[in-house]
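Just so it is clear, none of the values below were taken in a lab; they were calculated from the coordinates. Owing to the predicted nature of the structure, the values given are computational and were not obtained by experimental measurement. Neighbour counts run over all protein chains shown; Cβ positions are idealised from the backbone, glycine included.
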Amino acid sequence: MKKFLVLAVGALLLSTGIASATMLSLGTIGVATGLGSAGDNNLIYVSNTTDSDCTLTQTYAAVCNGGIKISSWSITFDYTSLVGQAQVAQSPVTFSGGPDINPSNDWIDNPLYAALPYSDSANGVDCCLNIITKVVFSATLPTSFTIYDPSSQTESLFVPESPFTFTYTPSDAYLNALGSPNLDGVDLLVSNAVATAPLAPEPGTLLLFSGCLAALVLRRRSVRV
């Protein structure tokens, strides 16, 4: 009987589609200069793209069905300041308490932080009064939601790590840039806290599971006779 029970449990695991962890992209995190009303300042931003067409994604999983908001966020960033002719490391800055980051947010006029000067255009200084060297972003997400995984071309339930932390290091393109506008960024990624399961079991695995259960019942009946 144990053999049939093992087969039945195995079929159930197959039917629920237990899979390895999936990386989900919430959009882009980055640094920009020369944009928006604070054009001379560094803009630390997150562009929430979770309401995009999830079937168009190529690399990472994406959110389906209307997007999600990113809440209770905070950032800690490292930066250097121009002192004489050299960039000198300064004390890290932590900022929190901003509004939720909703899908399709206006990240240019509403960045996470925009109070650190990068240039002084009025006096002909194009670069680099202050340079951001690292950003640590933390936030919370909804408990669960549907994603589309381009590797398997299936939708599944995603249970994110929440709160989660992501570390972004600006590229050399930003660190060594002269003039503006200057835009840098990477995918804002979060991993799932549990294995991913497809929303609907495969018919073949359900049939296998049913057959194993039927065999188990028949075996138990034959033992009683």
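Key figures
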quantity: In Hz, Karplus ³J(HN,Hα) per residue of the stretch 163-168 (6.51, -1.76, 1.60; θ = phi - 60°; x = Gly, Pro); calculated: x, 10, 10, 10, 10, 10
quantity: The stretch 146-172-the stretch 91-112 distance, computed between alpha-carbon centres (Å); calculated: 19
quantity: Cα-based Rg of the stretch 22-196 normalised by 2.2 N^0.38 Å, two decimals; calculated: 1.10
quantity: At R0 = 45 Å, FRET efficiency that the Cβ-Cβ distance of residue 69 and residue 175 yields, to 0.05; calculated: 0.90
quantity: Cα-projected label distance for residue 186 with residue 102, points at 7 Å along beta-carbon direction, nm; calculated: 3.0
quantity: Length-normalised contact order for the stretch 22-196 - Cα pairs under 8 Å, 6+ apart - percent; calculated: 31
